[in-house]
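K.L.:
Sharing a structure with you now.
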Amino acid sequence: MAKEKSKEKEKHVDFRDQISANKTRSVFLLIFVFVVFIALGYVIALAFTLDVFAILIIATLFSIFYVWITYAFCDKIALSSVGAKEADKTRHRALYDAVENMAIASQLPMPRVYIMPGNQINAFATGKDPKSSVICVTEACLQKLNKQELEGVIGHEMSHIANYDIRFVTIVAVVVGAISIFSQMFLRGMFYRSSSDDRGSGNLIFFLVALVLAIIAPIIVKLVQLAISRKREYMADAGSVEFTRYPPGLINALKKIKHEHEPMKVPDAVAPMFFSDTTKQRILEMFQTHPSIEKRIKALEAM
């Protein structure tokens, strides 16, 4: 009996440890993406002429500017793309209470609250910082979830806000986008290289290295980007437990989502922001933005 109790104790995971571990993994993955970015830029600079490399830099700066504009207006873009409407404080009192409770628990400003059409349980948070944050839930959240389950989902989204996940994911998107631009321009540009560009065997070696990196780097960093997204989802689940102090609420909400089979029709650009995967496709997890429902429930049950 004593041995069984000690085994149960060993299996228990503190939500603080889960948050800390996922933060560390996310940072390491981000560093890895930056290393790939620098390595790719370096070998392209050695393999190509400086003027071509200058074009790459200009293209990267343009992509950073584009993503920054998107980030600055991310709340308006996301809400508009899913047809969300601001929630009514009287009609949607339960929703406002849940958001207010989680705002108090997380010690964050009260987000603006929106509702979007949808028969599936789902939600997302957006906004460039906690002061301008927004939480949007589907109509199904209000129809199918009880108080504890709704607070569990809202707690998850508040954790995204508290951890500046939108900012973090935007930085990753900028670097991944820049790598993709570098790779595409190099692969296209190599067909137009003249014989005068060849500067001996040393240059040829760098050219071949750059060619290999240009092909595999976008694939690798995309997979890393998806891995970061999954880690942030685990972290947000743990954050929800920290705010609600009641894991069964979020667990039961996930179980209800598990039994839903109809996918949500949302734009691809905002799909990764949602509480759960919108596609319902059974593909390899390494190609998904969210961990499987089963793994999320298992991690929560261990807390």
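K.L.:
How would you rank 134-140, 87-93, 243-249, highest first, on the average number of other Cβ atoms within 10 Å across their residues?
P.N.:
134-140, 243-249, 87-93
K.L.:
In nm, to one decimal, how far is the residue 69 label point from the residue 89 one, both placed 7 Å along Cα→Cβ?
P.N.:
Roughly 3.6 nm, to one decimal.
K.L.:
Once you list every other residue whose beta carbon is under 12 Å from the beta carbon of residue 110, what net charge do they have if Lys and Arg are +1 and Asp and Glu are -1?
P.N.:
+1
K.L.:
Another question, if that's okay. Which of the pairs 89/144; 89/256; 222/258; 76/256; 89/222 have their Cα atoms more than 31 Å apart in this structure?
P.N.:
Among 89/144; 89/256; 222/258; 76/256; 89/222, the Cα-Cα distance tops 31 Å for 89/222.
K.L.:
Fewest Cβ neighbours within 10 Å first, please rank 290, 261 accordingly. Mind dumping the intermediate values first?
P.N.:
On the way: 290 22, 261 7.
Ranked by crowding around the Cβ, least crowded first: 261, 290.
K.L.:
Let me ask you something else. In the P(r) worked out for the stretch 203-303, what percent of Cα pairs fall beyond 21 Å?
P.N.:
Of all Cα-Cα distances in the stretch 203-303, 45 percent exceed 21 Å.
K.L.:
Further, regarding this structure: Using the number of other C-beta atoms within 10 angstrom as an exposure proxy, rank 61, 40 with the fewest first.
P.N.:
In increasing order of surrounding Cβ atoms, one gets 61, 40.
K.L.:
Over the Cα atoms of the stretch 101-180, how large are the radius of gyration and the largest Cα-Cα distance (Dmax), in Å?
P.N.:
Every Cα atom of the stretch 101-180 included, Rg and Dmax give 14.0, 44 Å.
K.L.:
Cut-off is 10 Å between beta-carbons; in what order do 154, 297, 205 appear when sorted fewest neighbours first?
P.N.:
Result, fewest neighbours first: 205, 297, 154.
K.L.:
Counting every Cα pair in the stretch 233-272, what percent are over 12 Å apart?
P.N.:
The answer is 69 percent, as a whole percent.
FYI, it's all coordinate maths here, none of it is from the lab. Predicted model, so just to flag it, every value in this text is computed and none were measured. Backbone-built Cβ (ideal geometry, glycine too); neighbour counts: all protein chains shown.
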